[in-house]
1. Considering only region 74-86, I want to know if a residue exists there that is under 11 Å from the mean Cα position of the chain (by Cα), assigned to a strand (DSSP E or B) and of a type in the set (Phe, Trp, Tyr).
2. Identify the single condition in (1) buried (at least 17 other Cβ atoms within 10 Å of the Cβ); (2) among the hydroxyl-bearing types (Ser, Thr, Tyr); (3) assigned to a helix (DSSP H, G or I) that Tyr60 does not satisfy, given that it satisfies every other one.
3. Please tell me if Gln55 is of a type in the set (S, T, N, Q), under 14 Å from the mean Cα position of the chain (by Cα) and assigned to a strand (DSSP E or B).
4. With the structure loaded, tell me whether Arg45 is of a type outside the set (Gly, Ala, Ser) and not in a loop (DSSP other than H, G, I, E, B) or whether it fails that test.
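What follows is calculated from the coordinates using simple rules that are stated; it is not laboratory data. This is a predicted model, so every value here is computed, not measured. Positions of Cβ are backbone-derived with ideal geometry, glycine not excepted, and every protein chain shown enters the neighbour counts.
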Amino acid sequence: MTQIQQEEGRFFIDQEGVTLAELTYTKVHENVIDVNHTYVSDQLRGQGIAAKLLQSAVDYARKEGKKILPTCTYAKSKLENNEQYQDILAD
């Protein structure tokens, strides 16, 4: 599997210039990011890629002292229903 990369506003996996998976976020406030979209191509589905992208966003938020506002349905279901992520959820 290709490594997860990061640039402002997204974590992603590209192969030969084609985005195969992506999690996007926007800055809401100085210390809050909105995880608003997750995409995994058919080619990578079933491999836990969305979870890895989300974990990258969680690790980033914790490292940078930010909270996450999950508006993406995938992120919302994974973060809000798991005790280990309560520390990074925005109010």
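1. Filtering region 74-86 for residues under 11 Å from the mean Cα position of the chain (by Cα) gives 74-76, 78-79.
Going one step further and asking which of them are assigned to a strand (DSSP E or B), we end up with none.
No, region 74-86 has no match at all.
2. Unmet condition: (1).
3. Working: of a type in the set (S, T, N, Q): yes; under 14 Å from the mean Cα position of the chain (by Cα): yes; assigned to a strand (DSSP E or B): no.
Judged against the criteria, Gln55 is not a match.
4. Numbers: of a type outside the set (Gly, Ala, Ser): yes; not in a loop (DSSP other than H, G, I, E, B): no.
Here the answer is no, as Arg45 does not meet what is asked.
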